[in-house]
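Engineer: Below is the structure I would like to discuss, written out as structure tokens.
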Amino acid sequence: VFLYVICIVYFFSLISFLNVLLPPCQLINQTVSLEKEGCPSCHPVETTICSGHCITKDPVIKIPFSNVYQHVCTYRDLYYKTFELPDCPPGVDPIVTYPVALNCHCGRCAMDTSDCTFESLQPDFCMNDIPFYY
């Protein structure tokens with residue numbers, strides 16, 4: 001029983017320690033670059049995104065064919081805003097849409113709306129800034 005209590009105290013101490021070092025999953029303001037193929041430049045806009053730490057776990061005993069999902073900080077609710085890119089040539093639709101997070105939670109990654117890779121591109125990354133050599 002004593003060892004069990006020590007393990008529980010250690011576990012909650014570790015969780016508290018991680019929460020001090022790692023910010024929890026929350027809304028943050030972020031500059032994102034909007035761009036579209038055919039338009040010559042990127043345009044930075046301010047939006048809200050989800051960012052932060054989610055507690056994850058990996059089972060000690062692996063059971064074949066069982067699914068273990070790691071939780072990530074992701075959108076709970078969001079809406080989309082539209083923006084008209086300046087300087088697009090005639091014939092190119094200058095309208096782009098981007099997500100605005102309303103609130104966040106730790107949950108499974110929705111690959112169709114989120115980038116769940118370990119090291120993704122930064123939100124303000126712009127493809128037009130990369131030189132292209134023919």
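The values are calculated or read from the model by the stated rules, or taken from the named source; none is laboratory data. Just so it is clear, the structure is predicted and the values come from calculations on it, not from any experiment. Note that each Cβ is placed from the backbone with ideal geometry, even for glycine, and that neighbours are counted across all protein chains shown. The area values use the complete protein model at the heavy-atom level, side chains included, leaving out ligands, DNA and RNA. Shrake-Rupley method; radii C 1.70, N 1.55, O 1.52, S 1.80 Å.
Engineer: With a sphere of radius 14 Å drawn around the Cβ of residue 106, what net charge do the other residues whose Cβ falls strictly inside it have (Lys, Arg +1; Asp, Glu -1)?
Structural biologist: With Lys, Arg at +1 and Asp, Glu at -1, the net is +3.
Engineer: Extension gain residue 105-residue 66, at 0.36 nm per residue separation less the Cα-Cα distance, in nm?
Structural biologist: 11.7 nm
Engineer: Report the accessible area of residue 22, computed with a 1.4 Å probe over the heavy atoms of all protein chains in place, in Å² rounded to the nearest 10.
Structural biologist: 70 Å²
Engineer: Then there's this: Once the other residues with Cβ under 13 Å from the Cβ of residue 92 are scored (Lys, Arg +1; Asp, Glu -1), what is the net sum?
Structural biologist: So the surrounding residues net to -4.
Engineer: Calculate one ³J(HN,Hα) per residue across region 23-39 by plugging θ = phi - 60° into the Karplus curve 6.51 cos²θ - 1.76 cosθ + 1.60, and present them in order as whole Hz with x for glycine and proline.
Structural biologist: x, x, 4, 7, 6, 9, 7, 8, 8, 10, 9, 9, 8, 8, 4, x, 9
Engineer: List the lysines whose alpha-carbon lies under 17 Å from that of residue 81, not counting same-chain residues fewer than 8 positions away?
Structural biologist: Within the straight-line limit of under 17 Å, residue 81 reaches these lysines: 36.
Engineer: What residues have an amide H closer than 5 Å to that of residue 109, excluding those fewer than 5 places away on the same chain, when H is modeled at 1.01 Å from N in the peptide plane?
Structural biologist: 72
Engineer: May I pose another question? Only Cα pairs under 8 Å and at least 6 apart count here; give the relative contact order of region 23-108 as a rounded whole percent.
Structural biologist: 35 percent
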